[in-house]
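Colleague: Attaching a single structure in structure tokens format; questions to follow.
The values are calculated or read from the model by the stated rules, or taken from the named source; none is laboratory data. What you are looking at is a predicted structure, and each value in this text was computed from that prediction instead of being measured. All Cβ positions, even for glycine, are placed from backbone atoms using ideal geometry, and neighbour counts span all protein chains on display.
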Amino acid sequence: MFRLWGKEFKDNRMIRDTVICDDSDDTRTHKIFHALEAICYEFDLSKPIWLDSTIQEFQRHSKTRFTQDHFVDSIDFDYLEIQVIEE
């Protein structure tokens, strides 16, 4: 079971979160992209842009943050954090 935890933070407080579960036979990368898409749909956000630093951080720690620089639209929180909690 693959689970990805998505959290929105503002002023160092978590304002909302969700966990997306995926039991499919897809690759890890596809599961991450599908879960991130589901998180953005649930939070009513545009999909963030993966920068090189974001990719490297996610590969090292299975966790990364998306700030205003990663979104085309303006956001009303400080950052969106995603973290793999089970593989």
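Conditions tested, residue by residue: (1) part of a loop (DSSP other than H, G, I, E, B); (2) of a type in the set (Lys, Arg); (3) surrounded by fewer than 13 Cβ atoms within 10 Å (Cβ to Cβ).
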| position | (1), (2), (3) |
| --- | --- |
| LEU4 | no, no, no |
| PHE9 | no, no, no |
| ASP25 | yes, no, yes |
| THR29 | no, no, yes |
| PHE33 | no, no, no |
| ILE39 | no, no, no |
| ARG60 | no, yes, yes |
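Colleague: Considering ASP69, ASP44, which residue is loosely packed, with under 12 Cβ neighbours inside 10 Å, among the acidic types (Asp, Glu), under 14 Å from GLU81 (Cα atoms) and out of contact with any Cys (no Cβ under 7 Å at 6 or more places or on another chain)? Can you show your working first?
Modeller: Values: ASP44 fails: under 14 Å from GLU81 (Cα atoms).
None of the other options fit; the residue is ASP69.
Colleague: Do the conditions hold for SER74, that is, is it exposed (fewer than 11 other Cβ atoms within 10 Å of the Cβ) and either modelled with pLDDT under 95 or in a helix (DSSP H, G or I) (or both)?
Modeller: Working: exposed (fewer than 11 other Cβ atoms within 10 Å of the Cβ): yes; either modelled with pLDDT under 95 or in a helix (DSSP H, G or I) (or both): yes.
Spelling it out, SER74 is indeed exposed (fewer than 11 other Cβ atoms within 10 Å of the Cβ) and either modelled with pLDDT under 95 or in a helix (DSSP H, G or I) (or both).
Colleague: So, one more: Any idea which residue in the stretch 41-58 is farthest from the chain's Cα centre (by Cα), counting only those that are part of a helix (DSSP H, G or I) and acidic (Asp, Glu)? Explain how you work it out, then say what you get.
Modeller: From the stretch 41-58, those part of a helix (DSSP H, G or I) are 41-43, 52-58; that's our starting set.
If we keep only those that are acidic (Asp, Glu) too, we end up with 42, 52, 57.
Values: GLU42: 12, ASP52: 15, GLU57: 12 Å.
Applying the filter and picking the extreme gives ASP52.
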